[in-house]
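The values are calculated or read from the model by the stated rules, or taken from the named source; none is laboratory data. Quick caveat, the model's predicted, so the values are computed rather than measured. Cβ: placed from backbone, ideal geometry, glycine included. Neighbour counts: every protein chain shown.
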Amino acid sequence: MKTIYKYKIPSVGGKVTLPANANVLSLGVQQSTLIIWAEVDPKECKRNRMFEVFKTGEDIPEDMGVDRKFIGTVNANCFYNVLHVFERIL
């Protein structure tokens, strides 16, 4: 059975533990915290997934052999910037 859970994303990016086949649905901010909502099967094994956060105008490194999937953009006054979140695809 699938359900929707929310997960905190560090404002500087980092690892988030999700069920293996989690499908990220959206990105937002709650109480000054970056949040993703994902459709998950909570019984699945968990795995770490890497998320990166970039400010508008900030360079995005061109890593050899690493792809990124765009998750979303938030305009959050609590961060004083517009933030763009990507998931690293290894």
Flag if Glu62 is out of contact with any strand residue (DSSP E or B) (no Cβ under 6 Å at 6 or more places or on another chain) and not in a strand (DSSP E or B): yes
Near pairs, Cβ below 6 angstrom, 6+ apart or cross-chain, from the stretch 24-50 (among the polar types (S, T, N, Q)) to any residue that is not in a strand (DSSP E or B): Ser32/Cys78
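Go through the stretch 13-22 and count every residue that is among the polar types (S, T, N, Q) and surrounded by 13 or more Cβ atoms within 10 Å (Cβ to Cβ). Full working, then the answer.
Of the stretch 13-22, the ones among the polar types (S, T, N, Q) are 17, 21.
Restricting the remaining residues to those that are surrounded by 13 or more Cβ atoms within 10 Å (Cβ to Cβ) gives 21.
Total satisfying the criteria: 1.
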Selection status of Ile71, surrounded by 14 or more Cβ atoms within 10 Å (Cβ to Cβ) and modelled with pLDDT of 95 or more: yes
Number of positions in the stretch 1-59 that are small (Gly, Ala, Ser) and closer than 19 Å to Asn81 by Cβ: 6
Subset of the stretch 1-55 (residues that are closer than 17 Å to Lys69 by Cβ, over 9 Å from the mean Cα position of the chain (by Cα) and outside any strand (DSSP E or B)): Ala20, Asn21, Ala22
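From the set of residues in the stretch 1-19 that are polar (S, T, N, Q) and free of Cβ contacts under 8 Å to residues at least 60 places away in the same chain, which is nearest to Ile35 (Cα to Cα)? Spell out how you get there, then give the answer.
Within the stretch 1-19, the first condition is being polar (S, T, N, Q), and the residues that meet it are 3, 11, 17.
Still in the list and also free of Cβ contacts under 8 Å to residues at least 60 places away in the same chain: 3, 17.
Values: Thr3: 16, Thr17: 13 Å.
Going through the qualifying residues, I end up with Thr17.
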Test for Val66: is it surrounded by 15 or more Cβ atoms within 10 Å (Cβ to Cβ) and among the hydrophobic types (A, V, I, L, M, F, W, C): no
